[in-house]
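Here the structure is laid out as structure tokens; the discussion comes afterwards.
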Amino acid sequence: MNHHFSRFVLAAAFFGLSLASAPALSQDTSWYAGFNVGQAKVKDFDCTGTTSCDDKDTAWSIFGGYQFNKNFGVELGYVDLGEARGSGTDPILGAFSASFEATGFELSGVGTLPISEKFSVYGKLGLFMWDLDVKASSSTLGSGSLSEDGTDLTFGVGVRWGFTKNLTAQLQWQRYNDIGDDATTGKSDIDVIGAGIIFRF
């Protein structure tokens with residue numbers, strides 16, 4: 001995880017310094033920061049044999065961005081995708097439980113299409129550097145955990161409404177693609193539907 005994180009931080013820092021030293025491109029240029037809260041769904045969480053299964057959980061993110069002009073910007077953020085859980089009983093395993101929890105950093109380009117002075121639609125495409133923890137326990141076999149990390153695509157669409165020049169609300173659907181490893185933790189897409197607030201500087 002450390003070597004992935006180091007490269008990501010260096011790239012983000014270099015990008016931020018480049019933007020900070022660049023002149024303003026237009027009146028639409030601005031820095032911004034915000035947060036999202038919503039519901040995540042792990043699409044391929046295996047609930048076979050469980051009596052209790054929950055593939056949804058609260059997801060949240062914090063992010064900062066730079067708007068080059070009214071049509072294009074870039075965002076860097078931290079995302080917590082919550083935890084999917086399942087439990088049950090089995091003749092061999094006894095009482096058992098399992099969980100699938102993902103967090104990470106994302107760097108995305110954001111394309112915006114203004115519809116009116118206050119209302120716009122947008123799309124996101126970028127990379128998600130994820131960290132996944134899978135845990136399992138059994139009353140007969142004990143407990144264990146697996147961790148994987150990697151980088152895969154993320155993309156989404158949404159709408160934004162500007163209350164004022166500096167305050168904007170958004171509704172968004174976003175997918176985090178191929179989280180996990182087929183050979184160890186299992187792999188799944190995670191979808192998030194949520195809402196957020198953006199503060200422009």
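Readers should treat all values here as calculations from the given coordinates under stated rules, not as data from a laboratory. Fair warning: this is a prediction, and the values are worked out from it, not measured in the lab. Every residue, glycine as well, gets a Cβ built from its backbone with ideal geometry; the counts of neighbours run over all protein chains shown.
For (1) of a type in the set (Lys, Arg); (2) farther than 30 Å from residue 54 by Cα, each residue gets a yes or a no:
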site: 95; (1), (2): no, no
site: 99; (1), (2): no, no
site: 109; (1), (2): no, yes
site: 113; (1), (2): no, yes
site: 117; (1), (2): no, yes
site: 124; (1), (2): yes, no
site: 127; (1), (2): no, no
site: 134; (1), (2): no, no
inquiry  = Anything in the range 99-117 that is under 21 Å from residue 186 (Cβ atoms) and surrounded by fewer than 20 Cβ atoms within 10 Å (Cβ to Cβ)? List them, or say none.
reply    = 99, 101, 103
key: Residues of the range 36-55 classified as surrounded by 16 or more Cβ atoms within 10 Å (Cβ to Cβ) and in a strand (DSSP E or B), total   = 7
inquiry  = Anything in the range 169-189 that is among the hydrophobic types (A, V, I, L, M, F, W, C) and under 17 Å from residue 155 (Cα atoms)? List them, or say none.
reply    = 171, 173, 179
request  = Restricting attention to the range 182-201, report how many residues are surrounded by fewer than 16 Cβ atoms within 10 Å (Cβ to Cβ) and over 14 Å from the mean Cα position of the chain (by Cα).
outcome  = 6
task = May I ask you to say which residue of 146, 125, 76, 113 is free of Cβ contacts under 8 Å to residues at least 40 places away in the same chain and closer than 30 Å to residue 164 by Cβ?
result = 125
ask   = Scanning for something closer than 24 Å to residue 192 by Cβ, among the charged types (D, E, K, R) and in a strand (DSSP E or B), does the range 86-99 turn up at least one residue?
value = no
